[in-house]
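Participant: One structure, pasted below without further comment.
Every number in this text was worked out from the coordinates using simple rules, so none of it is lab data. Please read all numbers here as calculations on a predicted model, not as lab measurements. A quick note on method: Cβ atoms are made from the backbone with ideal geometry, for glycine too, and the neighbour counts reach across all protein chains shown.
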Amino acid sequence: LDANALLVLNRRYVIKDAFNNPLETPEELFKRVANSIAFAEDNYNPDNRKKVAEEFYVMLSRLEFLPNSPTLMNAGRKLGQLAACFVLPVDDSLDSIFESLKETAKIHQSGGGTGFSFSKLRPKDDMVASTMGVASGPVSFIKIFNMATEVIKQGGTRRGANMGILRIDHPDIEEFITIKRNPAELVNFNLSVAITDDFMDAYEKDSMFDLINPRTKKIVKKVRARYLLNLIAECAWLCGEPGVLFIDTINRCNPTPHIGNIEATNPCGEMPLLAYESCCLGSINLSKIVTDETIDWDRLKRLTHAGVRFLDNIIDMNKYPVPSIEDLTKKNRKIGLGVMGFAHMLIKLGIYYDSPEAETVAEKVMSFIQRESKVASRRLAEERGTFPNFKGSIWDSQNLPQRNATTTTIAPTGTLSLIAGTSSGIEPLYDTVYTRILFGDIEVIIRDPLYEEMKKRDETSCSLKRLFRKTYQVSPEYHLKIQKRFQGHVDNAVSKTINLPEDTNPETILRIYCDAYHMGVKGITVFRDKSRDYQILSCGAHHIC
């Protein structure tokens, strides 16, 4: 563990006394987490607990696998809330809106992040029959959720994160798309537009598109589809938001369509969930499975099976903040096993990030993890039973017993990868040296540990520069190609940012959206360098690329 990893662990994850002094070492933290999660074995095979706890501890302490932050923070402690991702309903009534607001407060206080679709809310200036007044519209209510988040610091460790979603056919979509042009607005929200197949069809035909009042189901306005997508691209160019979700693509992959349609995701977009679902995530460190420029497939298999078991155990050990969330989470038992360290793995294999070879490796690795995660979930189903909503699910129709409705997700792993000393998620390297803002107020210099290690071996600077491809050196096309390769073998979605140079134009972003839709990815986020005054990552040790 390097100095930055220790800073993160000591500031956010370890148990502390009343004076903020650490009461456990990182090794003790990993033991606490491993032992706590292994306690779930008592529900099925108590004799197995000690062996499983040791297996969990080994992979955590070796930084081969790490679960989402709430598990590291809360496992084995009184709070006990272990899940990172939640989606709550927002229906078109004050009772529903403020019930969700109350539940949001509980989730944020316990360390989780929340996603919402505000698409069911009647548009601005629509009639409110009970008062003979007019509605203020979804954006006004998003502002209330944002304000509530501002005053509730998550579990005393991090501020609440939210995803706000509005369908492209909502009458207030223009206000939603443009709200973050003002950098002071909705600072506790990521925003994404839920784009439908019908909209993309209208875009490609350059036809008019219907905006529909969700209360009356009547068309209230027609607008050129190309105008709306251009507006999204222009705003993303200006400030990085909104993102885009292809909601029909997401629902074609819904494992439990008999339970309901998916309308929202978690804050980073990688976990589409039904209303009142939660999910726990974990990531395998791919840089740890390369030995002598070769992928250790046996090791990857062991980590995949152990990771699935770990995440399924979390569902049993979790203390849920809301009873209805516990109910649906345990009925579907969704988990999200993913990866981090992909860029470092490629470097160790001697492969450039933006190459056909990298695409092949992405496909091989993720298809292997997906396949083995299904084997692991099937074995757990034999031991523990299928998830309760199995009958009627896509797995039922395929006659494939599963313990979990989903098993795979690609999370961004921004903090976890810092602890593990590896590259984030499936992203290319940001830089070999860069500054990062931690906890909102601490600026640290991050030196890529693999780059520093290879420099010491007297590797030539020319070969190193070619291997250590930085995010702005990778074309948008290759960012998308890598995302597509992973998405093809992931149940849920892929959180990935296409970082763009400062001189990128909005037309490039527009092409990215169209290509992404046709590639079958579920969501897209772009960020143009310096498009915000405040950004968490900056190139070089002194903000100089």
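Participant: In this model, which of K217/K481; K124/K484; K106/K180 are farther than 31 Å apart at the alpha-carbon? Let's see the in-between values first.
Facilitator: On the way: K217/K481 38 Å; K124/K484 37 Å; K106/K180 26 Å.
Too far apart for the 31 Å limit: K217/K481; K124/K484.
Participant: If you take every DSSP beta bridge whose two residues both sit in segment 85-265, what share of them, in percent to the nearest 5, is antiparallel? Could you put the intermediate results ahead of the total?
Facilitator: Numbers: 9 of 26 bridges.
Just about 35 percent of them are antiparallel.
Participant: For T216 paired with K16, estimate the spin-label separation in nm (one decimal), with each label point 7 Å from Cα along the Cα-to-Cβ line.
Facilitator: 5.5
Participant: To continue, here is another question. Give me the percent relative contact order of segment 230-370, please, defined on Cα pairs under 8 angstrom at least 6 residues apart.
Facilitator: Numbers: 137 pairs, mean separation 33.7, N = 141.
Dividing the mean separation by the residue count of segment 230-370 yields 24 percent.
Participant: Count the net charge of all other residues whose Cβ sits under 12 Å from the Cβ of D316, scoring Lys and Arg as +1 and Asp and Glu as -1.
Facilitator: Taking every other residue near D316 into account, the sum is +2.
Participant: Something else about it: Rounded to the nearest 5, what % of DSSP beta bridges with both residues in the chain are antiparallel?
Facilitator: Details: 30 of 61 bridges.
In the chain, DSSP labels about 50 percent of beta bridges as antiparallel.
Participant: If I stretch the segment between T25 and N399 completely, what's the gain in nm (0.36 nm per residue apart, minus their alpha carbon distance), one decimal? Provide the component values of the computation, followed by the final result.
Facilitator: Values: separation 374, 0.36 × 374 = 134.64 nm, distance 4.62 nm.
Length gained between T25 and N399: 130.0 nm.
Participant: Let me ask something else. Give the distance, in whole Å, between the Cα centre of segment 280-356 and the Cα centre of segment 63-121.
Facilitator: 21
Participant: Right, something else. How do Y203, Y276, Y472 line up, fewest other C-beta atoms within 10 Å first? List each step's numbers first, then the result.
Facilitator: Numbers: Y203 23, Y276 20, Y472 17.
The order, fewest Cβ neighbours first, is Y472, Y276, Y203.
Participant: Taking every pair of alpha-carbon atoms in segment 428-539, give the share separated by more than 21 Å as a whole percent.
Facilitator: Details: 3038 of 6216 pairs.
In whole percent, the long-distance tail amounts to 49.
Participant: Sort V526, V220 by Cβ crowding within 10 Å, fewest neighbours at the top. Walk me through the numbers on the way to the answer.
Facilitator: Details: V526 24, V220 13.
Neighbour counts put them in this order, fewest first: V220, V526.
Participant: Using r as the Cβ-Cβ distance of D125 and D206, and R0 as 30 Å, what FRET efficiency do you calculate, to the nearest 0.05? Don't skip to the end; give the middle numbers.
Facilitator: Working: r = 29 Å, r/R0 = 0.97.
Once rounded, the FRET efficiency stands at 0.55.
Participant: Ok, one more. Determine the dipole magnitude for the chain: charges of +1 sit on the beta-carbon of Lys and Arg, -1 on that of Asp and Glu, nothing else is charged, the reference point is the Cα centre, and the result goes in debye to the nearest 20. Can you show the working numbers first?
Facilitator: Numbers: 69 positive and 69 negative charges, 140 e Å.
It comes to approximately 680 debye.
Participant: Another question, if that's okay. So what is the relative contact order for segment 419-460, in percent, with contacts set as C-alpha pairs under 8 Å and at least six apart? Could the numbers behind the result be given before it?
Facilitator: Details: 29 pairs, mean separation 13.9, N = 42.
Answer for segment 419-460 is 33 percent.
Participant: Another question about this same structure. Using a 10 Å cut-off around each Cβ, can you sort E383, E502 from fewest to most neighbouring Cβ atoms? Walk me through the numbers on the way to the answer.
Facilitator: On the way: E383 14, E502 10.
Ordered by Cβ neighbours within 10 Å, fewest first: E502, E383.
Participant: Mean residue ellipticity at 222 nm from the helices of the chain, using -39,500 (n - 2.57) per DSSP H segment of n ≥ 4 over the full residue count, to the nearest 500 deg cm²/dmol?
Facilitator: Values: 20 runs with 223 residues, N = 545.
It lands at -12500 deg cm²/dmol.
Participant: To continue, here is another question. At q = 0.11, 0.12, 0.18 Å⁻¹, what is the log10 ratio I(q)/I(0) for segment 336-458, with the Debye formula run over Cα points and no solvent?
Facilitator: Reported log10 I(q)/I(0), two decimals: -0.54, -0.62, -0.97.
Participant: Find out how many positive minus negative residues lie around I410, taking Lys and Arg as positive, Asp and Glu as negative, among other residues whose Cβ is under 13 Å from that of I410.
Facilitator: Details: positive: K484, R485, K496, K522; negative: E270, E427, D491.
Result for the neighbourhood of I410: +1.
Participant: If one computes the Cα centroid of segment 419-484 and of segment 207-255, what distance in Å separates the two points?
Facilitator: 34
Participant: Using mean Cβ contacts within 10 Å as the protection proxy, how do 6-18, 423-435 order, highest first?
Facilitator: Working: 6-18: 15.6, 423-435: 23.0.
Output ranking for 6-18, 423-435: 423-435, 6-18.
Participant: Run the reach check for K319 against aspartates and glutamates, Cα to Cα strictly under 19 Å, same-chain hits fewer than 8 apart removed. What comes back?
Facilitator: K319 reaches E41, D42, E103, E277, D327.
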